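Working notes, beginning with the structure itself.
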Amino acid sequence: MKNITKTILIVEDEASLSQALVEKFKSEGFSILEASNGLDGLEKAIEHHPDLILLDIIMPKMDGITMMKQLRVDRWGEKVPVIVLTNLT
């Protein structure tokens, strides 16, 4: 049986947090896509159809909530799992 690699899209504008997430998930065998803002993240999500999206809320160009709303308009994007990241209190 062939081992299938799952892909995670990390949409995070804080470079140190993004890098920590990338390193952790790569070490666990996941394929990683990265975006530093919601606009880029939306484009990569629609183009590559990752298995999971880790999504920051506060970002430049397009915030995470707006990205998720636009993602959900797409037929594929309706069902992709999204985990929202925030350090807001």
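The values are calculated or read from the model by the stated rules, or taken from the named source; none is laboratory data. Just so we're clear, the structure is a prediction, and the values are computed from it rather than from any experiment. Using ideal geometry, Cβ is built from the backbone for each residue, glycine included, and neighbour counts are taken over all protein chains shown. Surface areas here come from the heavy atoms of the whole protein model, side chains and all, with no ligands, DNA or RNA. Shrake-Rupley method; radii C 1.70, N 1.55, O 1.52, S 1.80 Å.
State yes or no: is L54 open to solvent by less than 40 Å² (accessible area, probe 1.4 Å), assigned to a helix (DSSP H, G or I), modelled with pLDDT of 95 or more and not polar (S, T, N, Q)?
no
If the requirement is being in contact (Cβ under 8 Å) with a residue 12 or more places away in the chain and more than 16 Å from D74 (Cβ to Cβ), which of these qualifies: S18, S27?
Every option except S18 fails the conditions.
Would you check which residues across region 62-75 are more than 12 Å from V11 (Cα to Cα), modelled with pLDDT of 90 or more and of a type outside the set (A, V, I, L, M) and list them?
Selection gives T66, K69, Q70, R72, R75.
Would you please name the residue that is least open to solvent (accessible area, probe 1.4 Å), looking only at residues in region 1-40 that are closer than 18 Å to Q70 by Cβ and assigned to a helix (DSSP H, G or I)?
Here the answer is G38.
Being open to solvent by 70 Å² or more (accessible area, probe 1.4 Å), acidic (D, E) and modelled with pLDDT of 95 or more narrows it down to one residue among E78, E43; which is it?
Of E78, E43, the one residue that is open to solvent by 70 Å² or more (accessible area, probe 1.4 Å), acidic (D, E) and modelled with pLDDT of 95 or more is E43.
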